[in-house]
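Remarks on the structure that follows.
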């Protein structure tokens, strides 16, 4: 091995653990917490958008419009660097969670709303015909079916989110990408280190999409949609 | 049991029902026939408010509602009236994410707040009645159309409605599956269930109906006992409609 290759090898090995640590300590928690909160926001927003209450619908539409129509990194900058000037200073991680949750909420609400609208009118009518209220019909008949429909697109958002958390580097969260930049500054081997961090992101999203497949499979077996024709 | 008075229904500029009066007596089977577009399905759907009449009065059991143009009836009133009847749909509309048993128990447990065990016992009895006792744990998409429709009937009956409404219950079925559904309906009729049936099955109408109502262009053209209406129709249009059914080509 030449000296140069050996040096690269050592840097790779030495930086692997710190990178992974940053991933486990920040990237993954940031993803999971933001996605969980984002899903709740998405679900509530979707329900509001199909509700008959006009003003609430307007607010929900406005929120989705703002957060889908502006870059995520700008939103993060406003929350972290902008809000202090009106007296609201947030720790970097918290600012990240808020930004990412609101973004997931906006995109997710459209996914869930479309899924609810995709359930056939006949299902509503059947629910009403056995005497259900609108609320009962939603809770028991429409939403369970809609959630199944939304699993694949929501998983897509989830995987996007894993990668998007790298934007938190720009608001000083020491997540994985921020760590990679720090190490690069020390050794000045950008090609190696950025490829290394890319590799770890790839592993993370591969493992997580595997869970997505499992989840889809679980729903399929429950509704006997496939593989039941013995 | 049901009293329809001067019911009108418009979809925008399109007047589907143009002032109808109809009485359905307890324990009787009323069959509604008529050419396509005559408003028979709309009339049936008005009876449990899946369509809200534009004008007129509707009484089901002891609940009566009067409708006026551009006045949305109170959800509470609509619910009370709707809970008097059960509905069987042309496309079955079973809940695909639930087993057959869960489909039937859903109304009693969620709407009527009955105990699960009690609801299950009733549901199993109903399944037996429609000849599907062995399908309790199957999912709807594992059943044939005829089986699904029989589950649909059991589900509609599970909430103990005072009247059952059938919207072309056999129209989506393969011909060889029609019989099993009609047989269940016939048995219900014999047991004294009040039924309103929109159908093209003239043989069923002839054998089972107490009254046949012929709708044409949003109005009742003729009504009466099946033997009379089929054999001695009063109107030329009735005659024409019936002869087209008998000799479709």
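Numbers for the structure displayed
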| read-out | value |
| --- | --- |
| Cα-based Rg of the stretch B:174-249 normalised by 2.2 N^0.38 Å, two decimals | 1.16 |
| Values of log10 I(q)/I(0), in the order q = 0.16, 0.19, 0.24, 0.27 Å⁻¹, for the stretch B:91-160 under a Debye, Cα-only, solvent-free model | -0.43, -0.61, -0.99, -1.25 |
| All Cα pairs of the stretch B:102-249, percent lying beyond 28 Å | 29 percent |
| Cβ neighbours within 10 Å from other chains - mean over B:89-95 | 5 |
| Semi-axis lengths (Å, descending) of the ellipsoid that matches the C-alpha gyration tensor of chain B | 30, 23, 15 |
| Three semi-axes of the equivalent ellipsoid, the stretch A:3-229, Cα gyration tensor, whole Å, largest first | 40, 24, 11 |
| Rounded Å value of the spacing that divides the Cα centres of the stretch B:128-151 and the stretch A:155-179 | 50 Å |
| Along principal axes, Cα extents of the stretch A:35-152, largest first, whole Å | 56, 31, 21 |
| Euclidean distance between Cα centres, the stretch B:32-85 to the stretch B:106-123, Å | 27 Å |
| The stretch B:117-182: relative contact order as a whole-number percent, Cα under 8 Å and 6+ apart | 33 percent |
| The stretch A:3-229: relative contact order as a whole-number percent, Cα under 8 Å and 6+ apart | 27 percent |
| Scattering profile of the stretch B:1-133 at q = 0.09, 0.14, 0.20 Å⁻¹ [log10 I(q)/I(0), Debye over alpha-carbon scatterers] | -0.34, -0.78, -1.21 |
| Three-way shape label, the protein assembly as shown, alpha-carbon gyration tensor, a/c 1.5 | prolate |
| Averaged over B:50-59, number of beta-carbon atoms from partner chains that fall within 10 Å | 1 |
| Computed over chain B: relative contact order in percent, which uses C-alpha pairs under 8 Å that are six or more apart | 26 percent |
| C-alpha center-to-center spacing [the stretch B:197-228, the stretch A:1-41] in angstrom | 74 Å |
| Per-residue mean of C-beta atoms belonging to partner chains within 10 Å, peptide B:159-170 | 1 |
| C-alpha long axis of helix A:54-69 to longest principal axis of chain A, angle in ° | 30 degrees |
| Angstrom value of the Kirkwood radius, inverse mean 1/r, which spans all Cα pairs in the stretch B:130-173 | 11.3 Å |
| Residue among A:133, A:172, A:89 with the largest mean-square fluctuation in a Gaussian network model of chain A, springs linking Cα atoms under 10 Å | A:133 |
| Nearest-ten-degree value, helix A:176-187 long axis tilted from longest Cα axis of chain A | 10 degrees |
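The numbers here are math on the coordinates, done by the rules we state, and not lab data. Everything quoted here is computed from the prediction, not taken from an experiment. Heads up, the Cβs are rebuilt from the backbone with ideal geometry, glycines too, and the neighbour counts pull from every protein chain shown.
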